[in-house]
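What follows is a structure written as structure tokens; I'll ask about it next.
The values are calculated or read from the model by the stated rules, or taken from the named source; none is laboratory data. On a predicted model such as this, the values are computed, not experimentally measured, just so you know. Reconstructed Cβ throughout: ideal geometry from the backbone, glycine too, with neighbour counts over all protein chains shown. In case anyone asks, the SASA skips ligands and DNA or RNA and just uses the protein heavy atoms, side chains included. Shrake-Rupley method; radii C 1.70, N 1.55, O 1.52, S 1.80 Å.
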Amino acid sequence: MFFVRTASERDLAKVSALLGETWHATYDALYGADKVAELTAKWHSVPALKARIARKNAEFVVADNGKDIGGMGFAAMSETHKKGAILHQLYVLPKFQRQGIGREMFAELETCFPDAEFMQLEVEPENRAAVAFYEAHGFVKIGETANCGDGQSGIPAIIMEKPLG
Ligand SMILES: CC(C)(COP(=O)(O)OP(=O)(O)OC[C@H]1O[C@@H](n2cnc3c(N)ncnc32)[C@H](O)[C@@H]1OP(=O)(O)O)[C@@H](O)C(=O)NCCC(=O)NCCS
């Protein structure tokens, strides 16, 4: 039985491994294993995750069953929209997917930003499971970007938004 709690630095090695495994399972077929390895090494190292845990106006959660970390999620207030929160990451290990963990982590994250009027995210359009998950949780497509995540990732994404409150 998994419960959702705020992440601590002690969790980060497991979270980094979870992201590596889940990224390869989700994106190798779309971007190739080399590109996935390059991005996951840059974005999901323990130091990169440590910087996220330290961020203000942000929430970093994990799903824990006392033995494994089965999922992670990270959301923060937007740096450009005063009234917007951004869901940056939501990942569940493949073997634990479709058991309600994503739903539980999202339910926690969407209540963490009382000043936000909406939440936005970027998702790979070919990632049908994720798009279906977000649609089931009230997000609609509002635009597109050619560089998901950071400056020049070269990864296309659709932008989805959900009103909050
Ligand atoms: C997308 C993800 C976070 C969803 O988490 P999850 O724990 O597997 O999903 P849940 O069991 O909470 O599903 C909740 C609802 O979302 C929808 N959903 C989830 N996975 C789905 C799938 N593969 N296909 C269609 N709908 C899906 C369903 O409506 C589901 O409700 P139901 O099971 O009662 O039908 C998870 O599958 C994941 O980590 N996927 C790989 C990584 C990823 O794509 N992350 C998002 C990056 S933007």
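With a point put 7 Å past each Cα toward its Cβ, work out how far Glu117 is from Thr6 in nm, to one decimal.
Here the modelled spin labels are 2.8 nm apart.
What shape does segment 1-51 take by its C-alpha gyration tensor, where a ≥ b ≥ c are the square roots of the eigenvalues and a/c under 1.5 counts as rounded, a/b above b/c as prolate, and the rest as oblate?
On the way: a/c = 3.46, a/b = 1.60, b/c = 2.17.
It comes out oblate by the Cα gyration axes.
Please give the Cα centre distance for segment 49-107 versus segment 114-130, rounded to the nearest Å.
If you average the Cα positions of each part, the centres end up 12 Å apart.
A further question on this structure: How about segment 11-93: which trypsin sites (Lys or Arg not before Pro) there are in a DSSP loop, with at most 15 other Cβ atoms within 10 Å of their Cβ?
Arg55, Lys56, Lys67, Lys82, Lys83
Can you give the extra length, in nm with one decimal, that the chain gains between Ala25 and Arg128 once fully stretched, where that is 0.36 nm per residue apart less the Cα-Cα distance?
Net length gain for the segment: 35.7 nm.
I want the local charge near His81. Using Cβ-Cβ distances under 12 Å, sum +1 for each Lys or Arg and -1 for each Asp or Glu among the other residues.
Numbers: positive: Lys82, Lys83; negative: Glu79, Asp115, Glu117, Glu161.
That sum, taken over residues with Cβ under 12 Å, equals -2.
How much length, in nm to one decimal, is gained on full extension between Glu144 and Lys56, taken as 0.36 nm per residue of separation minus their Cα-Cα distance?
29.0 nm
Over the chain, what is the percentage of antiparallel beta bridges among all DSSP beta bridges, to the nearest 5?
Restricted to the chain, the bridges split so that about 90 percent are antiparallel.
Using a Cα-Cα cut-off of under 12 Å, which aspartates and glutamates could be cross-linked to Lys50, ignoring same-chain neighbours fewer than 8 residues away?
In chain and number order, the partners are Glu9, Asp11.
Related question: Which value, in debye to the nearest 20, gives the size of the charge dipole of the chain about its Cα centre, when Lys and Arg are +1 and Asp and Glu are -1 at the Cβ? Before the final figure, lay out the partial values.
Values: 18 positive and 22 negative charges, 68 e Å.
For the chain, the charge dipole is close to 320 debye.
Per-residue HN-Hα couplings for segment 30-47, Karplus 6.51 cos²θ - 1.76 cosθ + 1.60 at θ = phi - 60°, whole Hz, x for Gly and Pro?
8, 10, x, 5, 5, 5, 5, 4, 5, 5, 6, 5, 7, 8, 10, 5, 4, x
May I pose another question? Which residue fluctuates most in the GNM of the chain (Cα springs below 10 Å): Gly73, Gly20, Gly151?
Comparing Gly73, Gly20, Gly151 in the GNM, the peak value goes to Gly151.
Whole-Hz ³J(HN,Hα) for each residue in segment 85-102, computed from phi via Karplus 6.51 cos²θ - 1.76 cosθ + 1.60 with θ = phi - 60°, x for glycine and proline: what do you get?
Once θ is set to phi - 60°, the couplings for segment 85-102 become 10, 10, 8, 7, 8, 8, 9, 10, 3, x, 6, 10, 5, 6, 10, x, 5, x Hz.
What shape does the chain have by the C-alpha gyration tensor, where a ≥ b ≥ c are the square roots of the eigenvalues, rounded means a/c under 1.5, and otherwise prolate means a/b greater than b/c and oblate the rest?
Verdict is rounded for the chain.
Another question, then. Could you check how much of the accessible area of the chain is carbon and sulfur, as a whole percent, using a 1.4 Å probe?
Result for the chain: 51 percent of the exposed heavy-atom area is carbon or sulfur.
Roughly how big is segment 1-41's charge dipole about its Cα centre, with Cβ charges of +1 (Lys, Arg) and -1 (Asp, Glu), in debye to the nearest 20?
The calculation lands at about 200 debye.
Reachable lysines from Lys82, Cα under 18 Å, same-chain residues fewer than 8 places away excluded?
Lys56, Lys162
What accessible area per residue, rounded to a whole number of Å², is obtained for segment 39-97 using a probe radius of 1.4 Å?
48
Another question, then. So if each residue of separation counts as 0.36 nm, and I subtract the Cα-Cα distance between Gln152 and Glu108, what length gain in nm does that give? All intermediate terms of the calculation are to be shown ahead of the outcome.
Values: separation 44, 0.36 × 44 = 15.84 nm, distance 3.07 nm.
That works out to 12.8 nm of additional length.
Which of Gln152, Gln99, Gln89 moves the most in a Gaussian network model of the chain with Cα springs under 10 Å?
Judging by the Gaussian network model, the answer is Gln152.
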